[in-house]
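The block underneath contains the structure these notes are about, expressed in structure tokens.
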Amino acid sequence: MRQANGEALGQGLITAREAEDRLEAAFADGVRRFDKSGEYASDGALGIVAWLRWKCKLSGGAAAERVTIGRQLEKLPETQRAFANGDIGYQHVAGIARTAEQVGAAEVRKSEATLVQTAGTMDPGQFTGVLKHFEHQVDADRSLREANHAHERRYLHVGEPLNGLVRLDGLLDAEGGAILTTALNRLMPPDGKDDDRTAGQRRADAMVELARPRAGGSTDGSGPRPHLMVRASVETLAGTPGAPAGQIERGGPVPSRVRCGGLYPAAGLDRCPPRQALGAWRGDHGVQPGAPLPAASPHGARRRLVVT
């Protein structure tokens, strides 16, 4: 492959990737058996993850992921077979194993054939969305807890100027990320053919532009807001057990029950209930399919609910 070019090089890369996935399948089976044997203790390791970090030169996260895969594949024969045959990749399998760990392998087995078939038709990033919807159908309350936990982890750090630069670092939940991405994308298109800024530079300029006061604008930040599309089925709005999650444009799945003050705030309430069904919000406030939803605050985005 080192001497190949063009189409031959591309095919070589595909072949190498397939071979690596098959090796990962064999490695996962070996990890499972070695884990059960407890032989890692003979080397002085306290556990299989520690042994993999030490002997196989893996990070803690990579080692733990392979242990999870090995343990779950034993209970998921169709996934194991597809992995060994090279029909699905390592990242697809890692996603299925994480889902099995979250909701139980027995639940995954009920839809395993469909999940494996779907995994073979899309990249791992797209398949993650499929798995999130599946997890919501199996256990909507757990999906809500996960979403709320993600929201609690949000933060933004703005560093002190250093060498003429300020470093930003932070995390947003899915809704916050979708709102920010939507707003930035509106300001990111190149100014013209002579605009030689990189995408990262245009994104940075767009963020500064968002924060820049507008001439004649109000001081409270009110004014035109980015529009965020949320798609949900009738079953999701009704809170029907087994219904899929809603889908935020550019934000991924959102639980059918959401925190108050989040995606669908209880407008006008001084105190919010800990959970609120999407369908109840829509009914209480007379929102019709396709109608724009009020912003969560003067600084929020406008949402549009589309019933599918």
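Of Glu78, Glu74, which residue is of a type in the set (Asp, Glu), closer than 30 Å to Gly129 by Cβ and at pLDDT 95 or above?
Working: Glu74 fails: at pLDDT 95 or above.
Criteria check complete, one pass: Glu78.
If I go through region 70-85 residue by residue, how many of them are crowded, with 20+ Cβ neighbours inside 10 Å and over 23 Å from Ile14 (Cα atoms)?
Total satisfying the criteria: 4.
Just to check your reading of the model, which residue among Gly251, Gly176, Gly242 is at pLDDT 85 or above and within 22 Å of the chain's Cα centre (by Cα)?
Details: Gly251 fails: at pLDDT 85 or above; Gly242 fails: at pLDDT 85 or above.
Testing whether each residue is at pLDDT 85 or above and within 22 Å of the chain's Cα centre (by Cα) leaves just Gly176.
With more than 30 Å from Glu18 (Cα to Cα) and buried (at least 20 other Cβ atoms within 10 Å of the Cβ) as the only criterion, which of Glu135, Glu160, Glu175, Glu152 stands out? Full working, then the answer.
Values: Glu135 fails: more than 30 Å from Glu18 (Cα to Cα); Glu160 fails: buried (at least 20 other Cβ atoms within 10 Å of the Cβ); Glu152 fails: buried (at least 20 other Cβ atoms within 10 Å of the Cβ).
Criteria check complete, one pass: Glu175.
Quick one: count up the residues across region 56-97 that are charged (D, E, K, R) and within 22 Å of Arg17 (Cα to Cα). Write out each step before concluding.
Taking region 56-97 as the starting set, the residues that turn out to be charged (D, E, K, R) are 57, 65-66, 71, 74-75, 78, 81, 87.
Restricting the remaining residues to those that are within 22 Å of Arg17 (Cα to Cα) gives 57, 65-66, 78, 81, 87.
Qualifying residue count, region 56-97: 6.
Where in region 1-110 are the helices (runs of 4 or more DSSP H), entirely inside, with at least 3 residues that are aliphatic (A, V, I, L, M)? First the steps, then the outcome.
Numbers: elements: 6-37, 48-55, 60-73, 77-85, 90-103, 105-110.
The qualifying helices (runs of 4 or more DSSP H) are 6-37, 48-55, 60-73, 90-103, 105-110.
Keeping to region 186-234, report how many residues are under 28 Å from Pro253 (Cα atoms), modelled with pLDDT under 90 and among the charged types (D, E, K, R).
Number satisfying all stated conditions: 3.
Condition check: outside any helix (DSSP H, G or I) and not hydrophobic (A, V, I, L, M, F, W, C). Does Thr114 satisfy that? Please lay out each step first, then the result.
Details: outside any helix (DSSP H, G or I): no; not hydrophobic (A, V, I, L, M, F, W, C): yes.
So Thr114 fails the test.
Given the condition closer than 22 Å to Met122 by Cα and exposed (fewer than 13 other Cβ atoms within 10 Å of the Cβ), answer yes or no: does some residue in region 86-107 qualify?
no
Are any residues in region 145-184 polar (S, T, N, Q) and part of a helix (DSSP H, G or I), and if so, which ones? Before you say what the answer is, go through the steps one by one.
Keep residues of region 145-184 that are polar (S, T, N, Q), which gives 148, 163, 181-182.
Of everything in region 145-184, those that are polar (S, T, N, Q) and part of a helix (DSSP H, G or I) turn out to be Asn148, Thr181, Thr182.
Tally time: how many residues in region 1-25 are among the small types (Gly, Ala, Ser), surrounded by 12 or more Cβ atoms within 10 Å (Cβ to Cβ) and within 18 Å of His92 (Cα to Cα)?
Of the residues in region 1-25, 1 are among the small types (Gly, Ala, Ser), surrounded by 12 or more Cβ atoms within 10 Å (Cβ to Cβ) and within 18 Å of His92 (Cα to Cα).
How many residues are in contact with a Phe, Trp or Tyr (Cβ under 7 Å, 6 or more places away or on another chain) and among the acidic types (Asp, Glu) if we restrict to region 3-37?
Number satisfying all stated conditions: 2.
Quick test of your reading of the structure: Gln126 fulfils all but one of (1) over 21 Å from Ile96 (Cβ atoms); (2) polar (S, T, N, Q); (3) surrounded by fewer than 14 Cβ atoms within 10 Å (Cβ to Cβ). Name the failing condition by number.
That leaves (1) as the condition not met.
Can you confirm whether Glu112 is crowded, with 17+ Cβ neighbours inside 10 Å and either free of Cβ contacts under 8 Å to residues at least 12 places away in the same chain or more than 17 Å from Val31 (Cα to Cα) (or both)?
Working: crowded, with 17+ Cβ neighbours inside 10 Å: yes; either free of Cβ contacts under 8 Å to residues at least 12 places away in the same chain or more than 17 Å from Val31 (Cα to Cα) (or both): yes.
So Glu112 passes the test.
The values are calculated or read from the model by the stated rules, or taken from the named source; none is laboratory data. Every value quoted in this text rests on a predicted model; they were computed, and no experiment measured them. Virtual Cβ from ideal backbone geometry, glycine too; neighbours counted across all protein chains shown.
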